[in-house]
Amino acid sequence: EAEVAQSPRYKITEKSQAVAFWCDPISGHATLYWYRQILGQGPELLVQFQDESVVDDSQLPKDRFSAERLKGVDSTLKIQPAELGDSAMYLCASRADQDNEQFFGPGTRLTVL
Amino acid sequence: AQSVTQLDSHVSVSEGTPVLLRCNYSSSYSPSLFWYVQHPNKGLQLLLKYTSAATLVKGINGFEAEFKKSETSFHLTKPSAHMSDAAEYFCVVRPFDRGSTLGRLYFGRGTQLTVWP
């Protein structure tokens with residue numbers, strides 16, 4: 001069964017350092033999402049791509065966060081510089097079209113020291 | 001504005017007894033509603049979804065949910081809990097937005113289900 005892949009699964013970094021997360025959606029899925037899930041809360045959307053274009057980044061802290069999906073397939077989410085409050089699970093999801101469910105990857109757990 | 005309220009942060013049941021996880025929502029006309037489950041170290045998995053068809057929705061692993069528009073509720077139930085049901089459950093709303101393809105999801109804070117032997 002096709003799955004959304006994410007790496008790394010765990011990342012520990014010090015504040016002010018740069019970190020990057022990678023996501024490979026299910027093949028053929030045009031829509032890709034990045035979510036942040038703070039401990040004890042539900043996921044919140046950071047950014048949504050349709051193919052290679054950003055269609056919603058209203059909740060992305062653009063002073064330190066960036067995301068790209070250059071060829072409309074896999075995607076990278078970057079944080080620079082990381083802050084203590086960025087410690088969270090970062091989830092990637094993909095969807096084939098607007099009537100289908102979002103399929104989630106296992107996430108990257110980030111700890112900022 | 002849209003929001004999701006999961007009324008219980010933790011629910012504990014004994015194996016074999018019924019499960020009830022409560023969810024209320026606030027959204028625009030005709031939202032889609034979902035329940036997702038998250039097991040430790042695994043991705044979120046869709047349990048079931050309501051998209052304006054039958055109000056009683058059956059999902060995987062024996063779970064079901066009933067959409068009650070008058071109460072703005074979408075509670076998740078299961079007649080008999082199993083040990084493997086222990087996980088975090090999220091109620092999710094996707095607002096109706098004619099002409100939009102965004103499909104943005106709004107998650108509740110989650111309910112941790114514990115199942116005792």
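The values are calculated or read from the model by the stated rules, or taken from the named source; none is laboratory data. Predicted model, so just to flag it, every value in this text is computed and none were measured. All Cβ positions, glycine included, derive from the backbone under ideal geometry; neighbour counts span all protein chains shown. These accessible areas exclude ligands, DNA and RNA; they are computed on the full protein's heavy atoms, side chains included. Shrake-Rupley method; radii C 1.70, N 1.55, O 1.52, S 1.80 Å.
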Taking amide hydrogens as modeled 1.01 Å from N in the peptide plane, which residues meet the under 5 Å criterion relative to residue B:48, leaving out close sequence neighbours?
B:35
Take every Cα pair under 8 Å in chain B that's 6+ residues apart, average their separations, divide by the length, and report that relative contact order as a whole percent.
37 percent
Here is the link list: B:42/B:69; A:62/B:42; B:42/B:78. Which ones come out longer than 25 Å on Cα distance?
B:42/B:69; A:62/B:42
Scattering profile of the protein assembly as shown at q = 0.08, 0.10, 0.13, 0.17 Å⁻¹ [log10 I(q)/I(0), Debye over alpha-carbon scatterers]
-0.29, -0.46, -0.78, -1.26
What accessible area per residue, rounded to a whole number of Å², is obtained for the range A:5-112 using a probe radius of 1.4 Å?
47 Å²
Please report how far the C-alpha centroid of the range A:72-102 lies from that of the range B:19-55, rounded to the nearest whole angstrom.
20 Å
Tell me the per residue accessible area of the range B:3-116 using a 1.4 Å probe; a whole number in Å² is fine.
49 Å²
How big a patch of accessible area, both sides summed and in Å² to the nearest 100, lies buried between B and A at a 1.4 Å probe?
1700 Å²
At 20 °C and 1.002 mPa s, the Stokes-Einstein diffusion coefficient in µm²/s for chain A, with hydrodynamic radius from the Kirkwood sum on alpha carbon pairs, is 154 µm²/s
When only C-alpha pairs under 8 Å and at least 6 residues apart count, what is the relative contact order of the range A:5-112, in percent?
37 percent
Considering only protein heavy atoms, with the full assembly of protein chains and a 1.4 angstrom probe, order A:113, A:39, A:60 by accessible area, largest first.
A:39, A:113, A:60
Using the Karplus curve 6.51 cos²θ - 1.76 cosθ + 1.60 with θ = phi - 60°, what ³J(HN,Hα) values do you get for each residue of the range B:45-55, in whole Hz, with x for Gly and Pro?
10, 6, 8, 6, 8, 10, 9, 6, 9, 4, 6
With a 1.4 angstrom probe the carbon and sulfur portion of accessible area for the protein assembly as shown, in percent, totals 49 percent
Charge context of residue B:77, other residues only, Cβ under 15 angstrom, K/R +1, D/E -1:
-1
Put a dot 7 Å past each Cα toward the Cβ at residue B:83 and residue A:80; how far apart are the dots in nm?
4.9 nm
Work through the residues other than residue A:89 whose Cβ is under 15 Å from its Cβ and net out their charges, Lys, Arg +1 and Asp, Glu -1.
+3
HN-Hα couplings for the range B:4-21 via Karplus (6.51, -1.76, 1.60; θ = phi - 60°), in whole Hz with x for Gly/Pro, come out as 10, 10, 9, 6, 10, 7, 9, 10, 10, 9, 8, 4, x, 9, x, 10, 9, 10
